[in-house]
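First comes the structure, then the notes that go with it.
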Amino acid sequence: MREDLGRLAVLHHPQETCGLLVGRASDSLVEVVQFASARNLNRERAHDRYLLDPEDFLRADREARREALEIVGIWHSHPDSPARPSSTDLRLAWAGYSYLIISTSGQAARDFRSWRLTDDHFEEERLEEEDPTP
Amino acid sequence: MSQATVRIPAPLRGFTGGAAEVAARGGSVREVLRSVGAAHEGLERQILNESGEVREFVNLFLGDQNIRSLAGLDSPVEEGAVIHIVPAVAGGAS
């Protein structure tokens, strides 16, 4: 999944792109089973801002529920910028979601980091990828 | 008055005891939200501002339609309607 997300993020470079993380969440673990793409409605500042199309959020939520899953987080890219939340990310974040940020260059996804809003700041979450090989 | 279902996104489920859906009655979206707010303290304030309007960073969908493209909070609610509270998701590198 990391590779697929990275390819998608690089495809839109140097514009920011975004989407939803779908899976299951408990108090101590967020399991991302799949991801959904979404349109960035911020065309004027697409190089450093995103506004996720709420219709895409709604569609992803419905599809998730059909599979007994839910939206557990948001992913978006930072073209040529670190995979760390900006002040804008902080100001507009919702508690209760994981925020996966993908730092991209023109050639590759350089870094993946996930963050969760805790009180008034972000704390980094540990990312683990399940080995798909049996 | 119609019976409707309101879908609650994860960031707001602390106000509903963790419930992802709540049932409510009302003839309009406004009435349904008021009904939900009466049953779940603090939730209505997350959705509506002090003037009783939908907050900038919240979207309300009645079925597939954003209520901003309908009659807003006065949009009539039919029996069995589903209202989705969709958080506005935004940010960026700078």
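Per-residue 3J(HN,Hα) values for segment B:25-34, derived from phi via the Karplus relation 6.51 cos²θ - 1.76 cosθ + 1.60 with θ = phi - 60°, read 10, x, x, 9, 4, 4, 5, 4, 5, 5 Hz in sequence order (x marks Gly and Pro).
Give the Rg/Rh ratio for the protein assembly as shown, taking Rg as the radius of gyration of the Cα atoms and Rh as the Kirkwood radius, to two decimals. My calculation of the ratio gives 0.98. Calculated on the alpha-carbon coordinates, the convex hull of chain B measures out at 107 cubic angstrom per residue.
Taking the Cα centre of segment B:38-77 as reference, the dipole from Cβ charges on Lys and Arg (+1) and Asp and Glu (-1) amounts to some 80 debye.
Qualifying chymotrypsin sites (Phe, Trp or Tyr not before Pro) in chain B, where qualification requires a DSSP coil assignment and no more than 14 other C-beta atoms within 10 Å, comprise B:Phe57.
Fewest-first ordering of A:Asp56, A:Asp27, A:Asp119 by other beta carbons within 10 Å of each residue's beta carbon gives A:Asp27, A:Asp119, A:Asp56.
Cβ-to-Cβ counts within 10 Å put A:His76, A:His47 in ascending order as A:His47, A:His76, the fewest first.
Shown is the FRET efficiency for A:Asp120 and B:Asn49, computed with R0 = 22 Å from the Cβ-Cβ distance and rounded to the nearest 0.05: 0.55. For segment A:90-134, what log10 I(q)/I(0) values come out of the Debye formula at q = 0.16, 0.31 1/Å, with one point per alpha carbon and no solvent? Evaluating at q = 0.16, 0.31 Å⁻¹ gives log10 I(q)/I(0) of -0.56, -1.08.
Put simply, the amide H of A:His47, placed in the peptide plane, has neighbours under 5 Å in A:Glu16, leaving out anything fewer than 5 places away on its chain. Rounded to the nearest angstrom and listed largest first, the equivalent-ellipsoid semi-axes of segment B:37-81 from its Cα gyration tensor are 19, 14, 9. Among the GluC sites (Glu not before Pro) within segment B:36-94, those in coil by DSSP and having at most 14 neighbouring Cβ atoms inside 10 Å are B:Glu41, B:Glu50, B:Glu53, B:Glu56, B:Glu78, B:Glu79.
On the basis of the beta-carbon distance and an R0 of 25 Å, A:Arg39 and B:Ala19 show a calculated FRET efficiency of 0.25. For segment B:44-54, putting each phi into the Karplus relation 6.51 cos²θ - 1.76 cosθ + 1.60 with θ = phi - 60° gives couplings of 4, 5, 6, 9, 10, 7, 5, 8, x, 9, 5 Hz, in residue order, rounded to whole numbers and with x for Gly and Pro.
Computed log10 I(q)/I(0) for chain A at 0.09, 0.15 Å⁻¹: -0.24, -0.69, from the Debye equation with unit scatterers placed on every C-alpha and solvent omitted. Dipole orientation for chain A: of the candidates A:Thr88, A:Leu21, A:Leu100, A:Thr88 has the Cα lying most toward the positive pole (charges on Cβ; Lys, Arg +1; Asp, Glu -1). Among B:Val89, A:Val33, what is the fewest-to-most ranking by other Cβ atoms within 10 Å? Least to most surrounded, the residues fall as A:Val33, B:Val89.
Converting phi to 3J(HN,Hα) with the Karplus coefficients 6.51, -1.76 and 1.60 and the offset θ = phi - 60°, segment A:46-62 yields 5, 6, 8, 9, 9, 9, 6, 4, x, 5, 5, 4, 4, 4, 5, 5, 5 Hz in sequence order, with x at every glycine or proline.
Quick note: the coordinates plus some simple rules give every number you see, no bench work behind them. Keep in mind the model is a prediction, meaning the values are calculated, not measured. Backbone-built Cβ (ideal geometry, glycine too); neighbour counts: all protein chains shown.
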